[in-house]
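Only one structure is covered here, and it is reproduced in the block below.
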Amino acid sequence: MTALLEAKGLVRHFPIRDALGRAKGAVRAVDGVSLFVYRGEVLAVVGESGCGKSTLGRLLLRLIEPDSGTLHFEGEDLRALSASALRKRRRRMQLIFQDPFGSLDPRMTVEAAIAEPLKLHGLHKGRERERVAELLSRVGLRPELARRWPHEFSGGQRQRIAIARALASEPELIIGDEPVSALDVSVQAQVVNLLAGLIKELGLTFILISHDLGVVRQVADRVAVMYLGKIVEEGAAEALFRNPRHPYTRALLAAVPGQGQKPAMLEGDIPSPVAPPSGCRFHTRCPFAQPYCREVEPELDGLTHRAACHFQDSLPPAPPLREAEPDARLRHLQSFFDRETTP
Amino acid sequence: MSATPWALEVEDLSITFRTDRGTLRAVEGVSFRVAPGRTLAIVGESGCGKSVTSLAVMGLLAPNARVGGTVRLAGQPLDDAGRRAARGRDMAMIFQEPMTSLNPAFTAGDQVAEAIRAHEGVSLRAATERAIALFERVRIPEAARRARQYPHQLSGGMRQRVMIAMALACRPKLLIADEPTTALDVTVQAQILALLDELKRETGTAVVLITHDLGVVRDHAEEVLVMYAGRMAEQAPAARLFDRPEHPYTIGLLGAAPRLDEKRGRLASIPGTVPDLYRPPPGCRFAPRCPFSIAACDAGQPEFRPLEEAHRAACIRAPLEAALAA
């Protein structure tokens, strides 16, 4: 099976300059990331703030240029494409942002916003209006809303509009950068369900960049965990959640609230990405760190479930993910909500 | 000495705002009590009134707010002036974004020392020493050095620790924490919530935890109040609420919140959006989104009534099984 998108050794540093514009170091946002996503797969990239996951998302679409590394889409070298060829290619790769308020032009009606990519790529010529109507109903909005302005919509509705706009160019790959993080829980559930449905029906490939492991558990087929600009663990979602191999992944999963109180596993804050620790970047916070970890940087190791930890095979077993007790009464009562929303 | 076992009693709180668009009824008929050393979580989505409720208790609302109802702190009724006087001494509050509550021009240590001096007539040196001791108490590493740093030199988690140190400076009877960890990363959030729990146990401070995160409620609260569109939807001990929620909004919210420890095919999705509080629906405010609603739900406000001991809900259809079987 070949990957739809494959990145190798991506690096992107952002120089920090002093008042006179002289470089005085760099934020090592993405510091050697290799990643692939198969067609039709939902890959989640998770991590805490500053881990580089948003920068990675932009690098994967070549919205920003990597300092080094390679990038292939369906086997084609994206970095070798000319500006015009890249523009054509972009039609098939779209990005959805966290902030539905910032991502829509306030001076464009909904119809104009969704029709813009159609015009840009010359799609559905002469029947753009019908296509916009189709796209709106696809994301659960009434087509009559096409003439309205972004400010007339709630956050959830705006995110639906942003999704419709992303779908307009008929992409194969969508990258969602925290697409539901700004939404209230009840609205978030609507949008998560909508995205999951669209991915399935349209056979989309989706890269979900998220800090919310609850959302990731619901939708991801595969998960990559980032820490300080590197992927520290990557594997099938259920394998990774049930049997996390990297100490950071274990701590991250244990810290998610709602599983009963557990002693906090990690002390301190994430170190600065300007000067990441030597050797294994996690050694300063790792409860299992050995002197060797300070010296030698571990590589991702393993076949399908990979972790970048020298001692991943000798760590004490991870505390098991305790699955919530199925609650038949609650499920039954909650099913009434779904009946209500089925179109 | 007061005879009341409650650190905080709020009765029939109402908050309205006069604005250009008219009168916004932000909160209506909200009552709750918190015992010393216990945490009451007030949970709900944006606009449910959870934050304005806490600001009203603290006397921190803007002048265009009209506040009705009574607030008693350790049995003492507090009017507006009383709330101002008690603030920072008998009750303290921490917010989501500690950067906006800290003065960028003063060191972290000086700000906490000033808070101590404002309420206790001690020397600056004594106050500074106490501030450093408090920093150690909230587990700020290298407390003395951190005390000399400015807020921008501290991480988000450290700033929240400074805020907690400041809140604890005067040993308050009540600590209101409004989304205290929402801006923090999950590993740091776990540290801060564990710290709040530990301090609550040690000091006997009552905690009101305002949050949208049901997972946080599950792990850190003994009592829960669910609010919807400015009114109380349901109130119960936390174990009971998660085990046997009765209000349709609580049931929907629990189904909508994605959990790490539960992979569901589909999240329950509450249709529609919250009502406009300038023109709230005439009956139950949740009725327009509720799959269990009947005509009577639109007729009038549902009474917030007891279902079991210490478990109350504002729903005429509760208990739902009986209603559905009928």
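The values are calculated or read from the model by the stated rules, or taken from the named source; none is laboratory data. No experiment lies behind these values; they were computed from the predicted model shown. Counting neighbours? That spans all protein chains shown, and the Cβs are built from the backbone with ideal geometry, glycine included.
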Practice task
Among the candidates A:Ala189, A:Ala220, single out the residue that is in contact with a helix residue (DSSP H, G or I) (Cβ under 8 Å, 6 or more places away or on another chain), without any contact (Cβ under 8 Å) to a residue 12 or more places away in the chain, hydrophobic (A, V, I, L, M, F, W, C) and buried (at least 22 other Cβ atoms within 10 Å of the Cβ).
Solution key: A:Ala189
Handout entry: Only one of A:Arg131, A:Arg160 that is assigned to a helix (DSSP H, G or I), within 13 Å of chain B (Cβ to nearest Cβ) and free of Cβ contacts under 8 Å to residues at least 40 places away in the same chain
Key = A:Arg160
Completion exercise
Scanning region A:21-43 for residues that are of a type in the set (Gly, Ala, Ser) and in contact with a strand residue (DSSP E or B) (Cβ under 9 Å, 6 or more places away or on another chain) gives A:Ala23, A:Gly25, A:Ala26, A:Ala29, A:Gly32, A:Ser34, A:Gly40
Practice task
Can you work out which of the residues in region A:128-169 that are under 15 Å from A:Leu195 (Cβ atoms) and touching a strand residue (DSSP E or B) at 6+ places or on another chain (Cβ under 9 Å) is surrounded by the most Cβ atoms within 10 Å (Cβ to Cβ)?
Solution key: A:Gln159
Exercise for the section: Report yes if A:Tyr248 is more than 23 Å from the chain's Cα centre (by Cα), under 30 Å from A:Gly25 (Cα atoms) and in a helix (DSSP H, G or I), otherwise no. Expected result: no
Problem - Any hit, region A:280-288, residues being closer than 20 Å to A:Gly47 by Cα, without any contact (Cβ under 8 Å) to a residue 40 or more places away in the chain, buried (at least 20 other Cβ atoms within 10 Å of the Cβ) and touching a strand residue (DSSP E or B) at 6+ places or on another chain (Cβ under 8 Å) - result: no
Practice task
Answer yes or no: is there a residue in region B:37-45 that is of a type in the set (Lys, Arg), touching a residue at least 60 places away in the same chain (Cβ under 8 Å) and under 29 Å from B:Leu13 (Cα atoms).
Solution key: yes
Exercise for the section: Hey, could you check region B:219-252 for residues that are part of a loop (DSSP other than H, G, I, E, B) and at the interface with another protein chain (Cβ under 9 Å from one of its Cβ atoms) and say which is surrounded by the fewest Cβ atoms within 10 Å (Cβ to Cβ)? Expected result: B:Arg244
Handout entry: Count of region B:173-217 residues which are among the polar types (S, T, N, Q) and either over 15 Å from the mean Cα position of the chain (by Cα) or facing another protein chain (nearest Cβ under 9 Å) (or both)
Key = 5
Handout entry: Any hit, region A:267-281, residues being basic (Lys, Arg) and within 13 Å of another protein chain (Cβ to nearest Cβ)
Key = no
Exercise for the section: Working carefully through the options A:Val46, A:Val110, A:Val11, A:Val33, find the one that is touching a Ser or Thr at 6+ places or on another chain (Cβ under 8 Å) and surrounded by 22 or more Cβ atoms within 10 Å (Cβ to Cβ). Expected result: A:Val46
Exercise for the section: With the condition kept exactly as written, say whether any residue in region B:169-189 is part of a helix (DSSP H, G or I) and in contact (Cβ under 8 Å) with a residue 40 or more places away in the chain. Expected result: no
Practice task
For B:Val162, state whether it is among the β-branched types (Val, Ile, Thr), more than 13 Å from every other protein chain (Cβ to nearest Cβ) and closer than 29 Å to A:Tyr227 by Cβ.
Solution key: yes
Practice task
Give the number of residues within region A:185-228 that are small (Gly, Ala, Ser), under 22 Å from A:Leu61 (Cβ atoms) and not in a loop (DSSP other than H, G, I, E, B).
Solution key: 3
Exercise for the section: Answer yes or no as to whether A:Val27 is buried (at least 22 other Cβ atoms within 10 Å of the Cβ) and either more than 26 Å from A:Ile270 (Cβ to Cβ) or of a type outside the set (Lys, Arg) (or both). Expected result: no
Handout entry: Candidates A:Leu195, A:Leu252, A:Leu173 - the one that is within 22 Å of A:Glu134 (Cα to Cα) and touching a residue at least 40 places away in the same chain (Cβ under 8 Å)
Key = A:Leu173
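One line per residue, one yes/no per condition, for (1) part of a strand (DSSP E or B); (2) within 20 Å of B:Gly230 (Cβ to Cβ); (3) out of contact with any Leu (no Cβ under 9 Å at 6 or more places or on another chain); (4) more than 9 Å from chain A (Cβ to nearest Cβ):
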residue: B:Leu254; (1), (2), (3), (4): no, no, no, no
residue: B:Ala268; (1), (2), (3), (4): no, no, no, no
residue: B:Val274; (1), (2), (3), (4): no, yes, yes, no
residue: B:Arg279; (1), (2), (3), (4): no, yes, yes, yes
residue: B:Pro288; (1), (2), (3), (4): no, yes, yes, yes
residue: B:Ala296; (1), (2), (3), (4): no, no, yes, yes
Problem - Test: B:Glu120 is within 18 Å of B:Ala167 (Cβ to Cβ), outside the structural domain of B:Leu196 (by TED's automatic domain parsing) and of a type in the set (D, E, K, R) - result: yes
Exercise for the section: Return yes when B:Ala126 is out of contact with any strand residue (DSSP E or B) (no Cβ under 8 Å at 6 or more places or on another chain), in the same structural domain as B:Pro151 (by TED's automatic domain parsing) and in a helix (DSSP H, G or I) and no when it is not. Expected result: yes
Exercise for the section: Read through the list (1) surrounded by 18 or more Cβ atoms within 10 Å (Cβ to Cβ); (2) at pLDDT below 95; (3) under 30 Å from A:Ala239 (Cβ atoms), then give the number of the only condition that B:Pro275 fails. Expected result: (3)
Problem - Filter result for A:Phe101 (closer than 25 Å to A:Val180 by Cα and in contact with a Ser or Thr (Cβ under 6 Å, 6 or more places away or on another chain)) - result: no
Completion exercise
So, first residue more than 7 Å from chain B (Cβ to nearest Cβ) in region A:326-338, second residue at pLDDT 95 or above and outside any helix (DSSP H, G or I), Cβ within less than 8 Å, six or more apart or across chains; the pairs are A:Arg329/B:Arg244
Exercise for the section: Would you please list the contacts, defined by Cβ atoms under 9 Å and residues six or more apart or on different chains, that run from a residue in region B:144-162 that is free of Cβ contacts under 8 Å to residues at least 12 places away in the same chain to a residue that is basic (Lys, Arg)? Expected result: B:Gln153/B:Arg146
Completion exercise
Only one of A:Leu136, A:Leu118, A:Leu145 is more than 15 Å from A:Ser169 (Cβ to Cβ), touching a residue at least 24 places away in the same chain (Cβ under 8 Å) and in contact with a Lys or Arg (Cβ under 8 Å, 6 or more places away or on another chain), namely A:Leu136
